[in-house]
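Asks: Right, I'll just put the structure down here and ask away after.
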Amino acid sequence: MPCWPPLRAVLLALAVVSTCVGCAGKQSASGAIRIGMVTDVGGLGDRSFNDSAYAGLVRAKTDLHVDTTVLQSRSAADYQINMTVLANKEYDEIFAIGFLMARDVTEVAERYPQRHFSIIDAVVDQPNVTSVTFKEEEGSFLAGALAAMTTKTKTIAFLGGIDIPLLRKFEAGYAAGARQIDPSVKVLVKYVGSFEDVASGKELAGVQFSEGADIIYVAAGKAGLGAIDQVKERNGAFIIGVDSDQDAIAPGKILTSMVKRVDIGVFRVSGQAAARKPRPAHLTLGLKEGGVGLTDFRYTKSVVTPAKLAVLAKLRAAIIGGTLVAPSTREELASFKRIPL
Amino acid sequence: MQAVDGVDLELQPGEIHALVGENGAGKSTLAAIAYGAVRSDDGSVEAVGVVGLVHQHFKLIERLRVWENVLLNREPRRGWAIDVDAARERVRALSASYGLAVDPDALVETLPVGIKQRVELLRELDREPSVLLLDEPTASLAPTEIASFFTTVGDLAKRGTAIMVVTHKLAEVIAYSQRVTVMRAGRVVASHLTSETSADEIAREMVGGEVPALAARASVATAPLLEVRGLSARSGTSVLDDATFEVRAGEIVGVAGIEGNGQTALSDALAGVAAFTGELVFAGTLLRASDTPASRLARGIRVIPQDRRHEALVLDWNVRDNVALGRQRTLGLAKYAGAAREVIERFDVRPPNPDAIVAALSGGNQQKIVVGRTLASSPKLVVAYQPTRGIDIGAAALVQSRLIEARNAGAGVLLISFELDEIFATADRVLVIANGKFVGSFDRAGIDRGRIGALMAGNA
Amino acid sequence: MTAAFLRTRAFRDIVVVLVLVFGVGSIAMLLAHVSPIVGFGALFDGAWGTKGEIAETLVQTTNLLFPALGIAIAFRAGLFNIGAEGQLVMGGFAAGWLGAQFPLPGYLAVPMVLAAGTLAGGVWGAIPGIMRARFKANEVIATLMLNVVAILLTTYLVTGPLQQGGANGSETGPLPKAAQLTHLFDTQLTWAFVLALVLAFVLRWVLQRTIFGYELRAAGDAPEAAKRAGIDLGRTALIAMSLSGAIAGLGGATIVAGALHRFNTGLSPGYGFIAIAVALVGNLDPLWIVVASVAFGMLQSGGIAMQAEAGVPKEVVSLIIGLVIIALAGRRVVASLRST
């Protein structure tokens, strides 16, 4: 059989590679705990909760001396595949970042009962899944209160990603916070219908501004970046950012950010995993746990006066103390009554 | 396989040297080797000066102008730009000096074939060749154009250019060449001074024996089959204008004409692939312009298209599946192999293998498959458009004989050909087509070669 | 393997693919500071190391096999269907939405879901088929555009007028258990894999052993000759495109019913495009396509493992697949331009 030279090279390469199958070991050589993370389609660099989760993972790596791996998802089809790969590779803890993966976590967790999974922002009822959720309504309440104290037009707005229960927690808490300060402040509510559509985010923010709002609380993932784009072109208007500290994206134009400390959730669960301890079924992080909160207003100190800060501090104490319960649904919002401070 | 083997050939300045041989004898390969387009494994070609080659199929860029084609890659320049004025002038001077009139600014796609040939020739002449190779130069020329073409070529020869004409038209060899070399199967089998030989002798040398005789024409009772009244049709650039004629069952009607005079439109209208106006009555029923090719096939109208490679065959397929094409449904898959064996046997297809890939067969054997499957379906009307184009004398004789046999068996045959000899050898009646119109009709007894030639050239 | 086979186009394609995979793959890995031996080792191990990994490779194989078979049918008919992605999405949408909207008992639910996907994909393929048959519209552009339309349309539908309860983001509600495909060997592999294999054999038989397949191939291999042989090119184009779309749509339905258990607008990471390379590497022959889709399924699943274990970005795999498409599809386009 004549052997064409390139073919010979290929056969040689094949032979080399095939003898080496299995070189990459299943367990890391040191026997360290291995923690994997699957991002949602937002991916690393979203300046939002994927990045925040990653920060927690990085901290776990340095502080807890665990091995970590991140798999990014390009589309929803990747969620199950990525988790399955990590499960097959017998990772000790697998984080699914984002409620979009709730159903996929359920599926994969069912198929791999010996592995342990954690999901951020959703509740998955499986024995081998830790659900990490946040009391967004608590942080949003403070954001709403600050907005109501700051608005000059007596109109503020909420711009959500997709109209689903998770996002309504933001909406309800925000509206309640505003009502607590001043019931006459109008709260406009709109949803982009997407977490990725930056153009629509920008357009809808423009609509809300033109309807009289001068502050928009934006909880719309990547689409929220469009709203931030919009506010750069307007004087006297503010955006309230969400999830991670977005204040620096448009210094002075972002009143504050309602930060969700996904990193704290990730780090806490990682700590349990590193210690080979059982993980809780449900980890809820609110103001009390430091899981949610506002940023330090470093670009907007001139607007956020000490008087306003004092009000915020009182509200915060009331929530942590349990005397004030922030509503997390539209129904609870409807029956929300202001409390005397 | 070797296309050319151990050939010695010498061209003299000032003479027209004809190179003849059957298709596949190696003529074109030899010309290509001489030109330098094909590498020879052994041996050498020596020429004093530049060698020029005019191809059988024009290698012109249709979208460009005449001067652009003639001077391609040799354009006079002014800095980085082409000096258009100088280019135009150079082409004008060239065409005047050789008596080849042509407008340098005409778009090639708008030119008739005869003029395109001049452009091809001018392109080679611009390189001032000392040797000029002409591959089947008259394939698409009218008889009168052929004469003037050879006058030009003769002038060239007198100026000292050595000229080799590759051809299979023996009449032209006898009329215009000074020397003739015959090739068969890649070898030179004979070389003569033209004045010392005859067309018959050359033909025998080409075939390597006696030229096969055609099937005898039986006298058969004819009956009306196809009546065409006022047929106008268009297919691509081919236009047929107001044609009226009839084809009777049991006769071969030859349509004589030069390529590009409406024959394609005629063939395509009958095949059901070109729109037409006018009246077509076939076996008592009216054919419509909206008919599909399938409905024409169902009525027993079968067309042997001009371009077997694109219009008739699936080259990547084997013989068996190609034989079934056109009858794929009526035949039924189980009978494809049997039908293929029948055609292979009746038409002497080589190799006699139903599984052979058609692309690997010679043109002659490919054509045998096309004609074979057409006649095997017992058609009522056969439209044969250039059925022997580019195939050897033996295969051509076989195809022509089978057409005659189909006629003898009662089929009507419309033979559209650019080869007058083929029409004269087989047709019961001859129609002449020129510029898309039918300009003459002759019975077999009353055939007048000179008159037909004049009509073909458009001289009424 | 005979010497003659070594000179065939199919063989040369395989060599081209291997050179691209190992050559370009190695260069990319070296640029990522990873030894190609470690990288490819992780890739092979991640694709075939455990039962779960083999299952994942075969799931990816299945997801590529359906659209690749659909593409092959269209390509064999001479139609460059670049729209398998859109047809797959439409099939997945119809399957997911109907499955969630109309819960049926078990023996009916799965057939209904799969039939809905097949039908929707078929319709989506028929649109460019009709455009081609009626108006001689270029099917490459039509199918390419319809990919975008399919994604946008389904996104609009599931987040707008057809929004269902239990949905997170741009997806339908959950598929009831009855409408989900049964798993095989206690892994994520479902019998969609078996269905795809059977389909490959059936399509091979249809192409080679039926008059329909004969006419379809004739229309693709020599359209002018086919037309003159009484084959209705428009009708053949319509049927081939519909069938092509239907098969891709069925693939979308199996992804929904087999893995996601809901329709999500991001259900395909580009299966419909990768499948073009699969179909071409498989030389448009259904049985070779099975082999090619196993190879590409391995790249898909092993690529992720390679990223996790060896730190080689899985974009290396995307890069390789992209080069394979350019090399094989580009060559075909050049060849088809030359023949006209």
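Asks: Among (1) of a type in the set (A, V, I, L, M); (2) more than 14 Å from every other protein chain (Cβ to nearest Cβ); (3) surrounded by 24 or more Cβ atoms within 10 Å (Cβ to Cβ), where does residue C:222 come up short?
Replies: Only one criterion in (1) of a type in the set (A, V, I, L, M); (2) more than 14 Å from every other protein chain (Cβ to nearest Cβ); (3) surrounded by 24 or more Cβ atoms within 10 Å (Cβ to Cβ) is unmet by residue C:222, namely (2).
Asks: Moving on. Which residue out of C:266, C:245, C:234 is within 14 Å of chain A (Cβ to nearest Cβ) and not aliphatic (A, V, I, L, M)?
Replies: Just one listed residue meets the conditions, C:266.
Asks: Determine if the stretch A:294-305 includes at least one residue that is surrounded by fewer than 20 Cβ atoms within 10 Å (Cβ to Cβ) and small (Gly, Ala, Ser).
Replies: So far as the stretch A:294-305 goes, yes, one or more of its residues are surrounded by fewer than 20 Cβ atoms within 10 Å (Cβ to Cβ) and small (Gly, Ala, Ser).
Asks: Could you list all residues from the stretch B:73-104 that are more than 13 Å from residue B:118 (Cα to Cα), among the aliphatic types (A, V, I, L, M) and in a helix (DSSP H, G or I)?
Replies: B:84, B:86, B:87, B:93
Asks: Here is a further query. Quick check, is residue B:418 aromatic (Phe, Trp, Tyr) and within 17 Å of the chain's Cα centre (by Cα)?
Replies: Spelling it out, residue B:418 is indeed aromatic (Phe, Trp, Tyr) and within 17 Å of the chain's Cα centre (by Cα).
Asks: Please work out which residue is surrounded by the most Cβ atoms within 10 Å (Cβ to Cβ), limiting yourself to the stretch A:240-263 and to residues that are over 22 Å from residue A:287 (Cβ atoms) and under 18 Å from the mean Cα position of the chain (by Cα).
Replies: Result: A:249.
Asks: Looking at (1) over 23 Å from residue B:386 (Cα atoms); (2) within 13 Å of another protein chain (Cβ to nearest Cβ), can you tell me which one residue B:273 breaks?
Replies: (1)
Asks: Report yes if residue C:196 is touching a Leu at 6+ places or on another chain (Cβ under 9 Å), surrounded by fewer than 19 Cβ atoms within 10 Å (Cβ to Cβ), in contact (Cβ under 8 Å) with a residue 40 or more places away in the chain and not hydroxyl-bearing (Ser, Thr, Tyr), otherwise no. Spell out the reasoning first.
Replies: Values: touching a Leu at 6+ places or on another chain (Cβ under 9 Å): yes; surrounded by fewer than 19 Cβ atoms within 10 Å (Cβ to Cβ): no; in contact (Cβ under 8 Å) with a residue 40 or more places away in the chain: yes; not hydroxyl-bearing (Ser, Thr, Tyr): yes.
The answer is no for residue C:196.
Asks: State all residues of the stretch C:254-282 that are closer than 23 Å to residue C:206 by Cα and either part of a helix (DSSP H, G or I) or without any contact (Cβ under 8 Å) to a residue 60 or more places away in the chain (or both); if no residue qualifies, say none.
Replies: Those that are closer than 23 Å to residue C:206 by Cα and either part of a helix (DSSP H, G or I) or without any contact (Cβ under 8 Å) to a residue 60 or more places away in the chain (or both): C:254, C:272, C:275, C:276, C:277, C:278, C:279, C:280, C:281.
Asks: Also, I was wondering about something else. Taking residue A:64 and the conditions (1) facing another protein chain (nearest Cβ under 7 Å); (2) under 23 Å from residue A:133 (Cβ atoms), which numbered condition does it fall short on, given that it satisfies the others?
Replies: Unmet for residue A:64, out of (1) facing another protein chain (nearest Cβ under 7 Å); (2) under 23 Å from residue A:133 (Cβ atoms): (1).
Asks: Which of the numbered conditions does residue B:41 fail, given that it passes all the others? Conditions: (1) charged (D, E, K, R); (2) modelled with pLDDT under 70; (3) buried (at least 22 other Cβ atoms within 10 Å of the Cβ).
Replies: Among (1) charged (D, E, K, R); (2) modelled with pLDDT under 70; (3) buried (at least 22 other Cβ atoms within 10 Å of the Cβ), residue B:41 violates only (3).
Asks: For the stretch B:361-441, list the helices (runs of 4 or more DSSP H) that sit wholly inside it and hold at least 1 residues that are under 14 Å from residue B:254 (Cβ atoms), among the polar types (S, T, N, Q) and out of contact with any Cys (no Cβ under 6 Å at 6 or more places or on another chain); which are they?
Replies: Of the helices (runs of 4 or more DSSP H) lying wholly inside the stretch B:361-441, those with at least 1 residues that are under 14 Å from residue B:254 (Cβ atoms), among the polar types (S, T, N, Q) and out of contact with any Cys (no Cβ under 6 Å at 6 or more places or on another chain) span B:393-408, B:420-426.
Asks: For the stretch B:78-120, how many residues meet the condition of being among the aromatic types (Phe, Trp, Tyr) and either closer than 20 Å to residue B:150 by Cβ or in contact with a helix residue (DSSP H, G or I) (Cβ under 6 Å, 6 or more places away or on another chain) (or both)?
Replies: Filtering the stretch B:78-120 for residues among the aromatic types (Phe, Trp, Tyr) gives B:80, B:98.
Filter again for either closer than 20 Å to residue B:150 by Cβ or in contact with a helix residue (DSSP H, G or I) (Cβ under 6 Å, 6 or more places away or on another chain) (or both), leaving B:98.
Selection size over the stretch B:78-120: 1.
Asks: Select, from B:189, B:239, B:281, the only residue that is part of a strand (DSSP E or B), outside the structural domain of residue B:26 (by TED's automatic domain parsing), over 20 Å from residue B:403 (Cβ atoms) and modelled with pLDDT under 90.
Replies: Only one candidate qualifies: B:239.
Asks: I need a count of the residues in the stretch A:277-291 that are buried (at least 20 other Cβ atoms within 10 Å of the Cβ) and either more than 18 Å from residue A:130 (Cβ to Cβ) or aromatic (Phe, Trp, Tyr) (or both).
Replies: Going through the stretch A:277-291 one residue at a time, the tally reaches 1.
Asks: Quick check on residue B:294: is it more than 10 Å from chain C (Cβ to nearest Cβ) and surrounded by fewer than 21 Cβ atoms within 10 Å (Cβ to Cβ)?
Replies: On the way: more than 10 Å from chain C (Cβ to nearest Cβ): no; surrounded by fewer than 21 Cβ atoms within 10 Å (Cβ to Cβ): yes.
No.
Asks: Inside the stretch B:410-460, can you point out the residues that are closer than 25 Å to residue B:374 by Cβ, out of contact with any Pro (no Cβ under 9 Å at 6 or more places or on another chain) and acidic (Asp, Glu)?
Replies: Passing the criteria: B:419, B:421, B:428.
Asks: Now for a separate question. Checking the condition at pLDDT below 90 and hydroxyl-bearing (Ser, Thr, Tyr), which residue from A:329, A:323 passes? Steps first, please.
Replies: Numbers: A:329 fails: at pLDDT below 90.
When all the criteria are applied, what remains is A:323.
Asks: Given (1) surrounded by fewer than 23 Cβ atoms within 10 Å (Cβ to Cβ); (2) in a helix (DSSP H, G or I), where does residue C:237 come up short, assuming only one miss?
Replies: (1)
Asks: Something else now. Condition first: part of a loop (DSSP other than H, G, I, E, B), facing chain C (nearest Cβ under 9 Å) and in contact (Cβ under 8 Å) with a residue 60 or more places away in the chain. Can you find one or more residues in the stretch A:38-54 that meet it? Before the answer, list the steps.
Replies: The initial filter retains those residues of the stretch A:38-54 that are part of a loop (DSSP other than H, G, I, E, B), namely A:39-48.
Adding the requirement that they be facing chain C (nearest Cβ under 9 Å) leaves A:41.
Next cut, in contact (Cβ under 8 Å) with a residue 60 or more places away in the chain only: A:41.
So far as the stretch A:38-54 goes, yes, one or more of its residues are part of a loop (DSSP other than H, G, I, E, B), facing chain C (nearest Cβ under 9 Å) and in contact (Cβ under 8 Å) with a residue 60 or more places away in the chain.
Asks: Filtering the stretch C:298-319 down to residues that are under 19 Å from residue A:80 (Cβ atoms) and among the aliphatic types (A, V, I, L, M), which residue is surrounded by the most Cβ atoms within 10 Å (Cβ to Cβ)?
Replies: This residue is C:306.
The values are calculated or read from the model by the stated rules, or taken from the named source; none is laboratory data. These numbers come from a predicted model, not from an experiment. Note that each Cβ is placed from the backbone with ideal geometry, even for glycine, and that neighbours are counted across all protein chains shown.
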